[in-house]
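The numbers here are math on the coordinates, done by the rules we state, and not lab data. As the structure is a prediction and not an experimental result, all values here were calculated from the model. All Cβ positions, glycine included, derive from the backbone under ideal geometry; neighbour counts span all protein chains shown.
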Amino acid sequence: MKLETLVLILVCVIAGMVATFWLTAMLLAAFQVPFAALALLPAALVGYILYRVIAERVGNAEEDHYDGMNH
């Protein structure tokens, strides 16, 4: 991977994190939610991503390399 591509990916990820944090802070301030609730958004996002990864791995027949083997 070229250095320029890696830097572009890092800049995009960091910009996305900053934008998400800023938007979440604005929403929490608008609704007067405690600042500790800010941790719920990333936790929910990680949970959703884990759910999608596990659902994809379990439901994909191509991932089951050893199902048809005789032991």
Could you please find all residues in segment 28-39 being of a type outside the set (Gly, Ala, Ser) and surrounded by fewer than 13 Cβ atoms within 10 Å (Cβ to Cβ)?
-> Phe31, Gln32, Pro34, Phe35
Qualifying residues in segment 1-33 (those that are assigned to a helix (DSSP H, G or I) and among the polar types (S, T, N, Q)) - the one farthest from Leu45 (Cα to Cα) = Thr5
